[in-house]
Structure formats: structure tokens, C-alpha cells
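In what follows, a single structure is set out as C-alpha cells and then discussed.
Every read-out reported here was derived from the displayed coordinates using simple, explicitly stated rules and does not represent laboratory data. Since we're looking at a predicted model, the values are computed, not measured. Every residue, glycine among them, receives a Cβ derived from its backbone with ideal geometry; neighbour counts consider all protein chains shown.
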2 protein chains.
Amino acid sequence: MKSATAFAPATVANVAVGFDILGFAIESVGDIVTVSITDDPSVRITQILKGLSEPLDGPPLEADRNAATVGLIKLREDLRLDFGFEVVLRKGIALGSGMGGSAASAVGGLVAANSLLEAPLAREDLLKYALLGEQAASGASHPDNIAPCLLGGITLVISTDPFRHVSLPVPQEILAVIAHPRIRVDTRNARSILKANVSLADHVKQSAALGGFISGCFQGDIDLIRQSLDDFLIEPQRAPLVPGFADVKAAALEQGALGASISGSGPALFALVTSEPEAARVRDAMEQAFTANGVADVDFWISPVNPQGARIIDEVS
Amino acid sequence: MKSATAFAPATVANVAVGFDILGFAIESVGDIVTVSITDDPSVRITQILKGLSEPLDGPPLEADRNAATVGLIKLREDLRLDFGFEVVLRKGIALGSGMGGSAASAVGGLVAANSLLEAPLAREDLLKYALLGEQAASGASHPDNIAPCLLGGITLVISTDPFRHVSLPVPQEILAVIAHPRIRVDTRNARSILKANVSLADHVKQSAALGGFISGCFQGDIDLIRQSLDDFLIEPQRAPLVPGFADVKAAALEQGALGASISGSGPALFALVTSEPEAARVRDAMEQAFTANGVADVDFWISPVNPQGARIIDEVS
């Protein structure tokens, strides 16, 4: 049975300054999706595993409700394929972590399936299908996890239809520290608590921060990135969902992080740093601050920005 | 009497995508400010002329209320100067035009006076004094005219205290068409009509547009600039202040402009284009659309982005 396996990385959305439009992928953690071609002209998801083998409760095994398969159903229809897909999903990204788990499942399934086609689509053309998977899993369709998971880099989404994005240059020394306290935040809830409006004054402040961050990336100006990495709009509203947030953020900044904020809708946090030793110090300080706030179970990753996004890691023909 | 004369250019603030933080200077029109050193240790403004000689009603001849002198008073105090300044202001920019007239007066006075000092301040250090002048004239202190008038280029203001800005690279082919219908808009009123809040959804759209514009400038990507030059927030609220706005904008876009919107708080409009012939076509089309809407008296300028900002044009020692 012809099959392909894709690794689809975890992603940090929003990145403090770009709610719903900015995100980046990391390298060290992600979902792994194996797609096989079947004679049966349908899309099925047969297994969802935690890591390599442990069965996982949570995402549904119905293909029309699972992030990994929803986009595949539409892809099959649009391309009028006369064969089907069978999907095995290995979740490396915890559910409801704020690390782009449903985006990774969606992108992984599509990238794997696409590699099996005689005439594969361009990466950019997979975005709309991946958004369907994200929509099915999270109830809303945002490109800020999907785009970096699919394309890598720090991805600024200008528009989704037609899809237009900018891959911001990543200053070479930048590393991300990701902290995932093992408490679950429901993305739908994290979104529903957001106020429908922002003040014009805060919009102006946030625009300046976004502009500074983007310019800092283009100019390789680490100081400007440091000055700009502030979220005046979303972080204050979501911070209460993460126990100890203020202390953990302060600990990261004290150790020299360029900035720290909530990854997507949380509870995962991210910090950006400029060296391996600094990354280790920031991680340790964040861990201590979490512990002091009664959160003992926290996973950490240190990773450069993933430059390529999802990739094929195995093929069987 | 030792004196210096500065030309301070007109500026387009907001530039559709960056309310209160983005602006650019043009080359063909501005205020001209002559500052002379006086033994009398005070700051006085003795004449305000329209063009080279015609007396102008409008801006006050009191130094503590005129944009050209308010900053000079504070500069004298801060530097403990034992001499004074006498100012003659030639207004090339119409009052209440939306072309940064008070910013130009403020910047012109400061740049001229600064050139007379034994130890002149850096351009960036004049910003806070210029903001005082803008504040006196318009009732609010915004850097989006001051910064490009002082520094040139397409200027993104990240913060005012401390002052931090980015000069965006300007794609070489870009020209601005400025249209000033001779109707006066009171800046205070143009600001007071703005809603205090924007929707989160519109904030996201506007952020994507700002990000696209900045990225387009850095990448020299004219198509991306074209796609991004939209104002979802301010233009819809201020458009009713400019008779025929929708038609004039549509006329500019039809002739190939990358975008067109209100310059600052209006009534001046700007369009960005990519060649001299296109600039002429856009100007003609805008003029016709104004005429069709009963606005017969419109001044036009076609100019590249001014790369240096205010400059000394005459010195007497």
C-alpha cells in the first residue's frame, strides 16, 4: 500500500504582536501523520496515537470531524480522485495546548497525501484545505498556525482568499523557548472571552509594536524586536487562563528574553532569546516560576524557528 | 544678525494603513521658516506670510501659541541659551489641509534654529520639541507628520518617548499624487468624529494591511503594497468630510494607483503611483472627479517621497 508520513511542527501563533495573522513553527515537536492510498474511494482515520503507540482519547475517529482528515475529504472531491486515503495520526502536540495541534494534524495529513499524488499541489494551495481541518477542530478558521506549519519561518498572513503571505527573515541567533503547563485550555473558550472591540489608542500602540517587530526582522535589529514584542490587546485578557502567567513572563524577561507571551490561545507560553545558554536560563527561570505558582508539570522545548514547515519523513511505495 | 532658513516639507500622515504612526514627506511644497538670533533672550514670531510676501490670517503671532515657536521656547529653556530667536514663517502649506502644516512650521523653526547653535542637537532629538508645536496647533501630539517632516522617507514611529522610528525603504519608482481641495477641515473636529473603539476583526484586517505594506516596502514588492494599501478604520469615518471622496478615490484606482486615501485628517487626498505618466493620469482623473462633485478649486502636486526631510536653504552669518 503506497503511503507517506509527514512531520508537521508545533507552531506559536499571534507571537504577541500579530493576533490571528502571525505565527512561527518550531523544530522539536509536532504531529506525525501517515497517509496511505486505498482502493476504497473514501477518507478514513483508523488510529490516533499519543507518541508512537499509546492510544489517545480526544480527537474523533470520524473523518468528517477530525482535523487530519476534513481537508482531505475536500481535496479528494476537488481533484476528483478515484482512490481513497487512510490516515494514522500520531499526536506529538498535546490537545488544547496552544501549540497548533489541530493545525499540525491538518497540515500533516495534507502534506503526506499531497506527496502521493501524481501531480502534487503547491504548498500554498494546501492552505485552504488545512483551514477546513482547523475549522472542524477549533470552531474557527485562522491561518496563524496553519501558515507557518505549512510553510515554515515567521509567517505573516496578509490574506487567506487569495492566500498571500510574507515569510519574515528570522535573525539567525533567535531561539524560541516553549513552555507547556499541562493544563488544558479550550480554544473556543479562550476565544470567546476576548472583547469584541479594542480601543483606538490600543490599536495604535499594537500597530506600532507589529510594525517594529516586522521591521526588526527585516533589518536584523534585535533591539527593535525586543522593544516591540508586546501584546497590549490579547495577552491581558487571556493571562488569567494561565496560572502564574505574570511571574513566569517576568522570570523570562529577567533572564534576558526579548519577549514572552502566550502561544496561541495558551496555556503554552513562548519566549524568544538569542543564544543557547540564555535559552537554558530562561527555561529554568520559567520552570521555577511555574513551580512557585503551584504548576509542577510543565514541558519545555528549545528550538530555532523551523524554516521549512511540515516535511515528509517516510515514504513507502 | 545671524540667521538660517529651513524648508520643511508637507507630509502625508496615516498613509491608509498606519493611523498615527506612519507618514511620508513630499518634495514640492512646504513651509519656509527663517530664524534669526537676537540679543533679546526670548522667542518672538514677527511675521506670518502666505508664500513669499502676502500676510496671512490664521496662525497666531504669539510665540507661545504658534507651532513654529512653541518648541523653540522649550528648546531655549532646556539648553539654557542666553540669546533669543526671532521667527518669520512663510506658509506654503494651507491651514487645515491635512498636509502637515503645523508639523512643518514646528520642524522648520527647530531645524533652522538648531543649525544656528554651536552644538546642534541630532535631528531625532528635535522631535520632542516639534511635538510641542504640533500639540499647540492641533490640540493633540502625534508623530506621524513630525517624524517624516524631520527625517524624510516613509517613517514608521515605534515610540515617541524614547523616540524610536524606522525609515522604510521606498521602492524607487513610487510617486505620490497629492490633491488638496480648498475646503478647510478642522483637525480637532476630524479627530473628534473618530469612534473610540475599533472591532477586533477590523483591527486584525488593518494589522494585516500594515504588515503587508511594511513588508512590501522592505521587499520592494509593488504588488504587495497595492494589495495592502487599505484603511478599514479611519477612512470610512472621515470620508464624509471630503466632498466626492468615493468618486475621486475610485478615479485614482481606475487609472492604476496603488492606493488612495485621505492625507492625515484631510481634506487633502493622496494616491501612490509608479510612474510620471501614471501620476499625470491619476491627477487628471482625480481632478475630473472632484469637478463632477462640485469641487472646482483643487491644488495638485506630484512628488517622489522626500528622502531627507526638512533642510536648510539659506544661511546668513
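Taking only the alpha carbons of region B:1-125, we obtain Rg and Dmax values of 14.3, 47 Å in that order. With R₀ fixed at 30 Å, the C-beta to C-beta distance from B:ASP202 to B:LEU61 puts the FRET efficiency at about 0.10. Across identical copies of the chain, B:GLN47 has label-point separations of 9.1 nm, listed in ascending order, with the point defined 7 angstrom from Cα along Cα→Cβ. Averaged over the residues of peptide A:214-220, the number of Cβ atoms from other protein chains lying within 10 Å of each residue's Cβ is 5. Against chain B, whose longest principal axis is taken from its Cα atoms, helix B:245-254 shows a tilt of about 70°. Projecting each Cα onto the charge dipole of the protein assembly as shown (Lys/Arg +1, Asp/Glu -1 at the beta carbon, about the Cα centre), which of A:ALA103, B:GLY133, A:ALA190 comes out farthest on the positive side? The Cα lying farthest towards the positive end belongs to A:ALA190.
Computed from the C-beta positions of B:SER317 and B:LEU79, the FRET efficiency with R₀ = 22 Å rounds to 0.65. Between region A:9-45 and region A:223-298, the C-alpha centres lie 23 angstrom from each other. Past the 21 Å Cα-Cα mark, which pairs from A:LYS195/B:LYS205; A:LYS50/A:LYS74; A:LYS249/B:LYS128? A:LYS50/A:LYS74; A:LYS249/B:LYS128, as the Cα separations exceed 21 Å there. Applying a DSSP loop filter and a limit of 15 other Cβ atoms within 10 Å to the trypsin sites (Lys or Arg not before Pro) in region A:80-111 leaves A:ARG80.
When each of the peptides A:175-183, A:284-292 is scored by how many other beta carbons lie within 10 Å of its residues on average, the order from highest to lowest is A:175-183, A:284-292. I'd like the projected area of the protein assembly as shown, averaged over all directions, using the convex hull of its alpha carbons. Report it in nm² with one decimal. The directionally averaged projection comes out at 30.7 nm². Each part reduced to its alpha carbon centroid, region B:74-126 and region A:64-127 end up 61 Å apart.
Counting charges near A:VAL15 (Lys, Arg +1; Asp, Glu -1) among other residues having Cβ under 15 Å from its Cβ returns a value of -2. Peptide B:194-207 shows a mean partner chain C-beta count of 6 within 10 Å per residue C-beta. For chain A, the longest principal axis of the Cα atoms and the long axis of helix A:101-116 meet at an angle of about 40 degrees.
Peptides A:293-303, A:159-169 ordered by packing proxy, namely the average of other Cβ atoms within 10 Å per residue, highest first: A:159-169, A:293-303.
Based on the alpha carbons, how large is the Rg to Rh ratio for chain A when Rh follows Kirkwood? We get a ratio of 0.97 for chain A.
Its Cα centre serving as origin, chain B has a Cβ charge dipole (Lys and Arg +1, Asp and Glu -1) of approximately 420 debye. Positive end of the dipole of region A:175-304 (Cβ unit charges, origin at the Cα centre): among A:GLN219, A:GLY266, A:VAL298, the Cα lying farthest that way belongs to A:GLY266.
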